[in-house]
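Right, one structure below, let's go through it.
The values are calculated or read from the model by the stated rules, or taken from the named source; none is laboratory data. For clarity, every value in this text was computed on a predicted model and none was experimentally measured. Glycine also receives a Cβ, built like all others from the backbone with ideal geometry; neighbour counts cover every protein chain displayed. We work out accessible area using only protein heavy atoms, side chains counted, and drop any ligands, DNA or RNA first. Shrake-Rupley method; radii C 1.70, N 1.55, O 1.52, S 1.80 Å.
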Amino acid sequence: MLAFQILIDGFAISALYALGATGFTLIFGVSGVLNLSHGAIMVLAAVAAWAAASVLHLDTYSGALLGVGVALISALITYFAVVQPIQKSRRIPNEEKEIFVLTGTLLWGIMIQELIAYFFTNNAKTVLPIVEGVVDILGVRTPRNEIFTAFVCCLVIALLWLLVNRTKTGKAVLAASMNPRGVTLLGLELGNIYIVVWAIYGILAGIAGVLLGMFLGVSSYSVGPLTASAFSIVVLGGLGSVSGSLIAAFVVGYLETVTAYLISPAYRTIPALLLLVAVMYVRPQGLLGRR
């Protein structure tokens, strides 16, 4: 019975991790940017969805859409106001731009975190679930919202795969991740591809954030752990590898779930961190990393 409970809970949290890490990986794979405001954007989406229901008295669906929209806008602001100016700056040496981007997105994330705390306090907030109730699965009482969360995450990841592999826009994004200079030679505007990628990222982060708010709840204190979790998954899976990030997300998700059930929730992140350190020693490029 306990094993089945771990299987269900682990799958749901792993699917959430996978969805969040996919967008994080996509950004790095195409534009080479490690967005350290990732956790802040996810939390902002969840808080926006919560505020839509609690303050604006909107229905759950409208609140969820508002949360995703806020994440999309935040992601585009991150690109246009933080990342792009640094990448185009002539005053910053090219070899130092990555550090400046890391610092810029980190500071931007801290600003978002502080704004959330200022306007909505640091208290944990839970978004009203779209699907309510409990279902019995082989004797295990499971919230319907947990099943809904896992289903939506898997569906969105599948739709992203179709977008990347079956549409012209997706193929341009895929080509840019492999050879940016070659894409430019083909007459495609690399800047437009970056905008599309950041928009996709914003939508993915928004959906993940809203679902996380429904599943576990969030607060401004969740920003750091969410960013660290996504970073760990991406490094473990291999920088730039979406497939590697998906595998790593399920490894980390189940490791945390098993630890929480069998030892203590307070230690749930430790085994994953130890695994990350081991992988960095044995295979520094990650499970499926190209660089």
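Here are some notes:
- Averaged per residue, segment 1-282 has 48 square angstrom of accessible surface, using a 1.4 angstrom probe with ligands and nucleic acids left out.
- Table column - 3J(HN,Hα) (Hz), segment 53-67, Karplus curve with 6.51, -1.76, 1.60, x for Gly and Pro: 7, 7, 9, 8, 6, 7, 6, 4, 5, 5, x, 5, 5, 4, x
- With viscosity 1.002 mPa s and temperature 20 °C, the Kirkwood radius over alpha carbon pairs of segment 1-125 converts through Stokes-Einstein to a diffusion coefficient of 131 µm²/s.
- Residues in segment 161-167 carry Karplus couplings, in order, of 4, 5, 4, 6, 9, 10, 10 Hz; the curve used is 6.51 cos²θ - 1.76 cosθ + 1.60 with θ = phi - 60°, and Gly or Pro positions show x.
- Where the Cα pairs of the chain fall when distances are cut into 5 Å bins, in %: 1, 6, 11, 16, 19, 17, 14, 9, 4, 2, 1, 0, 0
- Residue-averaged 222 nm ellipticity for the chain, from DSSP H runs of 4+ at -39500 (n - 2.57), nearest 500: -24000 deg cm²/dmol
- For the pair Ile270 and Leu174 in one chain, pulling the backbone fully straight at 0.36 nm per residue adds 31.1 nm over the alpha carbon distance.
- Relative intensity, log₁₀ I(q)/I(0), of segment 62-121 from a Debye sum that treats every alpha carbon as a point, q = 0.16, 0.23 Å⁻¹: -0.61, -0.95
- Divided by 2.2 N^0.38 Å, where N counts the residues, the Cα radius of gyration of segment 144-291 comes to 1.17.
- Sparsely packed loop sites in segment 1-107 (the chymotrypsin sites (Phe, Trp or Tyr not before Pro) outside DSSP H, G, I, E and B with at most 12 other Cβ atoms within 10 Å) do not occur.
- Separation of segment 236-273 from segment 114-157 is 19 Å, based on Cα centroids.
- For Leu36, the residues 5 or more places off, or on other chains, whose built amide H falls under 5 Å of its own are Thr105, Leu106.
- Under 5 Å from the amide H of Lys125 lie the amide H atoms of Val218, Ser219, each residue being 5 or more positions distant or on a separate chain, with H modelled from the backbone and absent for Pro and chain starts.
- Other-chain or far-sequence residues with amide H under 5 Å of Ile137's (modelled H): Thr142
- Here the Karplus curve 6.51 cos²θ - 1.76 cosθ + 1.60, taken at θ = phi - 60°, turns the phi angles of segment 131-138 into couplings of 10, 10, x, 10, 10, 9, 10, 6 Hz, with x standing for Gly and Pro.
- C-alpha long axis of helix 270-282 to longest principal axis of the chain, angle in °: 40 degrees
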